[in-house]
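*Asks:* Provided herewith is a single structure, encoded as structure tokens, for subsequent inquiry.
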Amino acid sequence: MVNTFNFSALRLTPALMCNQQSRTTTTKHHNPKFKKERAQKFLKIDLPDFNEDHTSYPPHKLRQKMKEKGVLPPRPWMERPFYISATGGVFEAYVPPEGDGKASIVSTSRAKQTVELLEKKSKSMMAIRKIKSFDEDYDSKKFISHAQDIYIKAHESLVNNDKRALRLYVTEKAYSEFRHNSHLKTIRWKFLESLEPPRVVHARCTDVISKENIFGQVTVRFHTRQQLAVYDRFGRLIHGSEILAKDVLEYIVFEKHLSNLYGTWRVHEKIIPDWAPPKEPSKLTRVMPDPEPEGPPPDTVAEAPEPPAIEAK
């Protein structure tokens, strides 16, 4: 006779019958070493009372509370940092000689202007020397080609209505002037050639707010041939022509923040001399009036006289 053991009965026995110890405490660290050092990691701090009324304290008590917490007293004003990347105008603007870009005209005013330009030439040389102290790679001959490239790209950005590219080539002052009359208009502009090589005619430097914050301005003379045509929102030509080219004489002021290591030359303003002829007025579009009715005017009906309030006897 063979004795057999039923293992399935052992699987169904309750767990209480098994004499097995189990540890359920998890508050202790598995390694009791460095117990004291671990306890020193926690610092007991006094939490602030957010419901505390600070307005009820006298000034000396409030100051004592702020000293305990290490809080600085509030200031009666607010200081906000601001950055000035461009000036608001042209300092000591260049005065173009009368009749520049045309045949030589003998006049007393032009002779006086020529003498004044010779006197101011020394200031321009000193300003260029100041610019070279900040920008060692500055050269007037190389700057002329760079200035013409900036001038062309600024106008191309305006034609393409590229606002981001326009901010790279014009200052904040010139940006609003560039965009002022281009709203809801289509511009066709083309640079054809230079009638005379551009040249630097004026240079100045000045400081803003502090003596270390220096801006430089250089005036460049451009005598070029261009094409310009401006269309309104209905596609009507209001200024210029895409076929005819005109000779343009301009004095463009370029500005750079010299104290800024990453400053760049940008178009700042255009100088218009007093002797320059007035611009041609643009052809403004207007709403056409209603057509007048044809034929004789309508007959007017005579109004009957009102009867008197009291009849005559």
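The values are calculated or read from the model by the stated rules, or taken from the named source; none is laboratory data. It should be emphasised that the depicted structure is a prediction, and the values quoted were computed from it without experimental measurement. Quick reminder, even Gly has a Cβ in these numbers, built from the backbone with ideal geometry, and neighbours come from all protein chains shown. Calculation scope for accessible area: heavy atoms of the full protein, side chains included, ligands and nucleic acids excluded. Shrake-Rupley method; radii C 1.70, N 1.55, O 1.52, S 1.80 Å.
*Asks:* Note down the accessible area of K185, probe 1.4 Å, to the nearest 10 Å².
*Replies:* Surface accessible to solvent at K185 totals approximately 80 Å².
*Asks:* A further question follows. Using the crude model of +1 on Lys and Arg Cβ and -1 on Asp and Glu Cβ, and no other charge, please compute the dipole size for segment 63-103 relative to its Cα centre, in debye to 20.
*Replies:* On the way: 7 positive and 5 negative charges, 168 e Å.
About 800 debye.
*Asks:* Continuing with this model, one more query. Leaving ligands, DNA and RNA out of it, rank Y83, Y57, Y262 by accessible area with a 1.4 Å probe, largest first.
*Replies:* On the way: Y83 145, Y57 65, Y262 185 Å².
Final ranking, largest accessible area leading: Y262, Y83, Y57.
*Asks:* So how exposed is D139, as accessible area in Å² (1.4 Å probe, rounded to 10)?
*Replies:* 60 Å²
*Asks:* Would any residue of segment 41-63 have its amide N under 18 Å from a label point 7 Å out along Cα→Cβ of T27? List them or say none.
*Replies:* Answer for this model: 42.
*Asks:* Using packing as a proxy for protection, rank 270-282, 228-240, 165-177 so that the peptide with the highest average count of other Cβ atoms within 10 Å comes first.
*Replies:* Details: 270-282: 10.8, 228-240: 14.5, 165-177: 17.8.
Descending packing order for the listed peptides: 165-177, 228-240, 270-282.
*Asks:* For the pairs K153/K279; K28/K69; K142/K279, note any where the Cα-Cα span goes beyond 28 Å. Display every interim value, and only then the final one.
*Replies:* On the way: K153/K279 24 Å; K28/K69 35 Å; K142/K279 33 Å.
From the list (K153/K279; K28/K69; K142/K279), the Cα-Cα distance tops 28 Å for K28/K69; K142/K279.
*Asks:* Quick one: what are the phi-derived ³J(HN,Hα) couplings along segment 88-94, Karplus 6.51/-1.76/1.60 with θ = phi - 60°, whole Hz, x for glycine and proline?
*Replies:* x, x, 10, 8, 6, 4, 6
*Asks:* From the protein chains alone at 1.4 Å, what is the descending order of accessible area for F91, F254, largest first? Spell out each step's value before the answer.
*Replies:* Values: F91 45, F254 0 Å².
Descending order: F91, F254.
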